[in-house]
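Read the structure below first, then the notes.
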Protein chains: 2
Amino acid sequence: MPDTAGIKLADYLLTRLKQLGIGAVHGVPGDFNLTLLDYVEPAGLQWVGNANELNAGYAADGYARIKGVGALITTFGVGELSAINAIAGAYAERAAVVHIVGTPDRPTQDSRRLVHHTFNDGEFGRFAQMAKPVTVAQVDLKDPRTSPEHIDYALTQCLLHSRPVYIQVPVDMVSVRVSAEPLASKIRMPEPMPAESSNDVMTEIVNRMYSAKQPIIMVDGETRAFGITSLVQQLVEVTGWPTWSTAFSWGFLDETLPNVHGIYRGMFDAPAVKKFVDESDLILCFGAHFSTTNSHAQTSVPKTEPTIYISGTETRIGDRIFRDIPAKLAVSKILEGLERHRVSTYSTYPDLARPAHEGYSDELTDQALTQATFWPIVNSIVQPGDIILGETGSAGHGCRNMVLPKHVRTFLPVTWLSIGYMLGAAQGAALAQRELISSSNYHDIQSARTILFIGDGSFQMTVQELGTIIRHNLNVTVFLLNNDGYTIERVIHGLKQGYNDVAAWNYTQAPSFFGASEDTFTATVRTCGELQQVLETEALRKVEGIKFVEVILDREDVPKGPLQWLLNNQLAKQK
Amino acid sequence: MPDTAGIKLADYLLTRLKQLGIGAVHGVPGDFNLTLLDYVEPAGLQWVGNANELNAGYAADGYARIKGVGALITTFGVGELSAINAIAGAYAERAAVVHIVGTPDRPTQDSRRLVHHTFNDGEFGRFAQMAKPVTVAQVDLKDPRTSPEHIDYALTQCLLHSRPVYIQVPVDMVSVRVSAEPLASKIRMPEPMPAESSNDVMTEIVNRMYSAKQPIIMVDGETRAFGITSLVQQLVEVTGWPTWSTAFSWGFLDETLPNVHGIYRGMFDAPAVKKFVDESDLILCFGAHFSTTNSHAQTSVPKTEPTIYISGTETRIGDRIFRDIPAKLAVSKILEGLERHRVSTYSTYPDLARPAHEGYSDELTDQALTQATFWPIVNSIVQPGDIILGETGSAGHGCRNMVLPKHVRTFLPVTWLSIGYMLGAAQGAALAQRELISSSNYHDIQSARTILFIGDGSFQMTVQELGTIIRHNLNVTVFLLNNDGYTIERVIHGLKQGYNDVAAWNYTQAPSFFGASEDTFTATVRTCGELQQVLETEALRKVEGIKFVEVILDREDVPKGPLQWLLNNQLAKQK
């Protein structure tokens, strides 16, 4: 029987989102998306309702990085432009975010009516133009005949590139009927059509893996976008080779394995480690994303000659580039082709540092907290399955000095570095985490929390999303690092300048102001002993709901590594 | 002597801003603008330091509407894109905002280095492309030889169109020396070169003003952008003709004059008023901006035949359009050419409603506050020189039911309608107001406040800017209309839908959370009597600093006029 009844456009779109595994839609209502919102909860999707659109974008991004894909709905002009910086961030760091924008009805657009949310000039195409540089597909659903195909095209692009797409839905299209037929088959990623060279290339790689004398593995963050993290994890286990991550990928692997060494820090790493990496004769590098921030100013980028890069649809062996070999295919082929007993092994495993627990000792009790003492102590809160977000700044650099249990995902400064992002992303990540747990799809873990480490300046950017976290009763524990302004900017330039100050807020009042119940755990800690005491408090150890801890730190105190290096430069100038 | 020493680029740019009358620069520090910020305060400009860039953009816009021009500084990518919705709003409603963006140094851009705040692809031109549709000039200061000229060009465009411009300053250009010579003469608006037809056109207009039987004047908001409000005010006084404003222009004129009748509401106005306007044989209409919102769904747009439009560089008589007659020239010529004794006058001034004080009466004491009672009562707080901001929603519609003293400026929903705008704009407007008062440039008024009426949903969007208001000790009184969600959206669609709810915050804790002193005035009012009592409180009457009053209103209560009409439609549908 032909599909004469069809389905309403809104239902088509939302059904597709649900098929992709999306359980909740972020966004803000606006008069051009209200009728679309009518369909969200009936479609079995949760409506989050963020405090503003930028935060909604950040949240959808955070959600996408945990569940694979996320979505937000905004309104024409004002809403979508408020979110555009978040969409840009999702583009830069490959989060698959579907940005749906409710637009004026077709008669209004066609007649160039001077409606609100425009420039009063009858021009309706401007904002789609602005979305173009920050999305991998843009569709405007103005024709019921082609809308299903347009939606499917946009969603495919979103998944394929793990980057945002832009879908405009005019008000009068929401309830128009479209064909439901395509819904019978799920959105499928285009199958790889491997280049002819791929077998030879894989054979060459495997042979190199047999003959290498000092092989290592480096795993970067685009592995997630290209769906190869678990394959790479297998390779890490099979080879037993020393393996490092970047800030972008930290936590993708099982960090408790003895051959997994945390983040490689290039010039800031232990000399023995750097020497070992520099002298390696084979570096398998997956999902590379070597922005300056993610590569310690390029110093953790491996040398070209010994390195085999596998990423996207490209494999590189030294300086030879082989195109059209999708990463997933490449890693699968290596795993298939590899004769385990022939893989090069270390007769004695090299003596290379691994992240180690330092923790709390009684001698520290009365000492003021510093970046050096805070992270080892706070580390004890982290449990398997937790999500850690370290905001751009000292938080994002400091928290990588922790030791990760299994199945802990991290969000660290990678490339976009839009401060305030991590608070919005925490909302989205915590919601995704809760969905995965409740669908028994979270490594057999029944309970976990999202832990946000964020500086005062960043917190101020997006603070209202704490209200959303509270409203949805998400398990988010916030450590607000109050170091009296933008410390990361101070160490770059203007150490003592007033422009790096921020307004002085009473941070611990935040949960109460944003509507948390009166018994919500809040604390301010200044010493190591106070922090330790807080960490032992029953109310904090309880995973459920919001917890808020203000941590007082010195404004010119930064974690060792790049920030300390920058600070030293600043201090040297002053002399 | 030739100008061999020159001046640093940053000093050139900031000197120009100061010459334009800018006293304070809004924005947020970021690592690509820090060195530029070093020059702000030494140039004699105040650095505001907003909590985020969207709010900084809103604030610069609010500042610009009071002082004529405003500026903000953001950082490449993350900062500028966060602000872009505010820039779009300034474009839509003609606020002269100079958006200065600190960008990576030229060597970084030229070598396509994979730095942060990019898409990790070596492309640096993307964000300037995105700025293009929302600004009237874009310059990238990469060449010291042409930078002064580029700056002057951008600023001229900004003033000429009263719309935003975009200026990129690479880090390594900040302290490069450029010629200081152009600074000797101020930025000048291009002189009008009137069309040959202009004398004839003006003669025709003047003759119509002599012969009209039922002439009226309508003043819209673009009069400010084109610098003709005081000229129009003269015409209103000279003619004595019935005069109306729009939401965009309300307060530009002296609203205490007997022939100034407040906002013309088209289909929502008193039938006698509508009839009078409809039957007018001459309508002088200045600075028209007839978006649907600003024209009561086009019903307050005057008929073509009797109307003479003067705006921008165009005069229209009926359906004849005369181009290249700048508005300022046109109005000046009319005022010059007009023989006062020949101007048509009303023998008996027509009986047309004017805004009237209702105020508080004891009978109201125990009544719950409604939109109908709130505005007349709260009206008593408004004093000459105050600035009133009514956020998009019931606040922006309700507050036009007040009576304005002299020299009160208003911000009402016009066209862009980005909720949350008014809180940021309040910060900028209050700062501009303080500057004007302290330079004795404010109608001989020594003390005034900025009064913000804002709904709960809007407040949540940009709440952090309350911290900036407090930090700079601005005189802002906030009436937070707590009606439990997005009431304006409810009356458009989804009256009872959950997506129109917002998180429940404890609003009166806001001043304390954002750092106000403990003795800050805060109150919650539910009845007319409680409101009246608050308005009589000494601490509230004191103009200085922040005051915060939460007003509890019903979620389905809206001011009469368009919102009531929309609500009635919603209610009718439910039956």
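The values are calculated or read from the model by the stated rules, or taken from the named source; none is laboratory data. Given the structure is predicted, the values throughout are model-derived calculations rather than measurements. All Cβ positions, glycine included, derive from the backbone under ideal geometry; neighbour counts span all protein chains shown.
Observations
- Residue list for segment A:103-136, restricted to those being of a type in the set (A, V, I, L, M), under 30 Å from residue B:123 (Cβ atoms) and in contact with a Pro (Cβ under 9 Å, 6 or more places away or on another chain): A:130, A:131, A:134, A:136
- Taken residue by residue, segment A:39-55 has no member that is of a type in the set (Ser, Thr, Tyr) and in contact with a His (Cβ under 8 Å, 6 or more places away or on another chain).
- Enumeration of residues in segment B:410-447 that are small (Gly, Ala, Ser) and surrounded by 24 or more Cβ atoms within 10 Å (Cβ to Cβ): B:418, B:420, B:424, B:425, B:426, B:428, B:429, B:430, B:432
- Selection of segment A:372-393 for residues being surrounded by 24 or more Cβ atoms within 10 Å (Cβ to Cβ) and among the polar types (S, T, N, Q) yields only A:392.
- Long-range neighbours under 9 Å by Cβ, at least six apart or interchain, first residue outside any loop (DSSP other than H, G, I, E, B) within segment A:293-310, second acidic (Asp, Glu): A:294/A:220; A:295/A:220; A:308/A:204
- Scanning segment A:270-292 for residues that are in a strand (DSSP E or B) and either outside the structural domain of residue A:215 (by TED's automatic domain parsing) or under 27 Å from residue B:108 (Cα atoms) (or both) turns up A:285, A:286.
- Complete set of residues in segment B:150-175 that are within 30 Å of residue A:415 (Cβ to Cβ) and either not in a helix (DSSP H, G or I) or not assigned by TED's automatic domain parsing to the domain that holds residue B:14 (or both): B:164, B:165, B:166, B:167, B:168, B:169, B:170, B:174, B:175
- Residues that are within 25 Å of residue A:187 (Cα to Cα), β-branched (Val, Ile, Thr) and in contact with a helix residue (DSSP H, G or I) (Cβ under 9 Å, 6 or more places away or on another chain) within segment A:1-60 comprise A:7, A:15, A:22, A:25, A:40, A:48, listed in sequence order.
- Scanning segment A:25-58 for residues that are part of a loop (DSSP other than H, G, I, E, B) and over 22 Å from residue B:484 (Cβ atoms), we see that the one that is farthest from the other protein chains (Cβ to nearest Cβ) is A:44.
- Residue match in segment A:391-414 (condition: assigned to a loop (DSSP other than H, G, I, E, B), among the aliphatic types (A, V, I, L, M) and within 30 Å of residue B:54 (Cβ to Cβ)): yes
- Within segment B:516-529, the set of residues being crowded, with 17+ Cβ neighbours inside 10 Å and within 22 Å of residue B:465 (Cβ to Cβ) comprises B:516, B:520, B:521, B:522, B:523.
- Residues located in segment A:67-96, provided they are out of contact with any Ser or Thr (no Cβ under 9 Å at 6 or more places or on another chain), among the hydrophobic types (A, V, I, L, M, F, W, C) and away from every other protein chain (no Cβ under 14 Å): A:71
- In a residue-by-residue description of segment B:63-86, the property of being touching a strand residue (DSSP E or B) at 6+ places or on another chain (Cβ under 8 Å) and at pLDDT below 95 applies to no position.
- Of all residues in segment B:452-480, those satisfying the criterion of being within 12 Å of another protein chain (Cβ to nearest Cβ), outside any loop (DSSP other than H, G, I, E, B) and not hydroxyl-bearing (Ser, Thr, Tyr) are B:456, B:457, B:459, B:460, B:461, B:465, B:466, B:467, B:469, B:470, B:471.
For (1) modelled with pLDDT of 95 or more; (2) among the hydrophobic types (A, V, I, L, M, F, W, C); (3) not assigned by TED's automatic domain parsing to the domain that holds residue A:251, each residue gets a yes or a no:
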{"site": "A:429", "(1), (2), (3)": "yes, yes, yes"}
{"site": "A:443", "(1), (2), (3)": "yes, no, yes"}
{"site": "A:490", "(1), (2), (3)": "no, no, yes"}
{"site": "A:505", "(1), (2), (3)": "yes, yes, yes"}
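- All helices (runs of 4 or more DSSP H) inside segment B:481-575 with 1 or more residues being among the hydroxyl-bearing types (Ser, Thr, Tyr) and in contact (Cβ under 8 Å) with a residue 12 or more places away in the chain: B:487-492
- Failed condition for residue A:94, given (1) within 25 Å of residue A:439 (Cβ to Cβ); (2) in contact with a His (Cβ under 6 Å, 6 or more places away or on another chain): (2)
- You will find that of B:548, B:479, the residue that is surrounded by 17 or more Cβ atoms within 10 Å (Cβ to Cβ), over 15 Å from residue B:458 (Cα atoms) and of a type outside the set (S, T, N, Q) is B:548 and no other.
- For segment A:277-294, filtered to residues that are surrounded by 23 or more Cβ atoms within 10 Å (Cβ to Cβ) and within 12 Å of another protein chain (Cβ to nearest Cβ), the residue that is nearest to residue A:306 (Cα to Cα) is A:288.
- Qualifying position, being among the hydroxyl-bearing types (Ser, Thr, Tyr) and within 14 Å of chain A (Cβ to nearest Cβ), among B:162, B:179: B:162
- The conditions of being over 21 Å from residue A:90 (Cβ atoms), of a type outside the set (Phe, Trp, Tyr), under 32 Å from the mean Cα position of the chain (by Cα) and buried (at least 24 other Cβ atoms within 10 Å of the Cβ) are met by residue B:102.
- Scanning segment B:483-510 for residues that are away from chain A (no Cβ under 11 Å), more than 25 Å from residue A:174 (Cα to Cα) and either in contact with a Gly (Cβ under 7 Å, 6 or more places away or on another chain) or surrounded by 24 or more Cβ atoms within 10 Å (Cβ to Cβ) (or both) yields a total of 1.
- For segment B:351-371, the set of residues classified as more than 27 Å from the chain's Cα centre (by Cα), surrounded by 13 or more Cβ atoms within 10 Å (Cβ to Cβ) and closer than 23 Å to residue B:243 by Cα consists of B:352, B:358, listed by residue number.
Listed here are the residues, each with its yes/no results for (1) modelled with pLDDT under 95; (2) in contact with an Asp or Glu (Cβ under 9 Å, 6 or more places away or on another chain); (3) under 20 Å from residue B:253 (Cβ atoms).
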| site | (1), (2), (3) |
| --- | --- |
| B:318 | no, yes, no |
| B:334 | no, no, yes |
| B:343 | no, no, yes |
| B:353 | yes, yes, yes |
| B:357 | yes, no, yes |
| B:367 | no, no, no |
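- Only one of the numbered conditions (1) at pLDDT below 95; (2) under 30 Å from residue B:301 (Cα atoms) is not met by residue B:190, and that is (2).
- Scope segment A:311-357; condition part of a loop (DSSP other than H, G, I, E, B), more than 22 Å from residue A:260 (Cα to Cα) and aliphatic (A, V, I, L, M); matching residues: A:325
- Here is the figure for segment B:364-384: residues that are outside any helix (DSSP H, G or I) and out of contact with any Lys or Arg (no Cβ under 8 Å at 6 or more places or on another chain) total 5.
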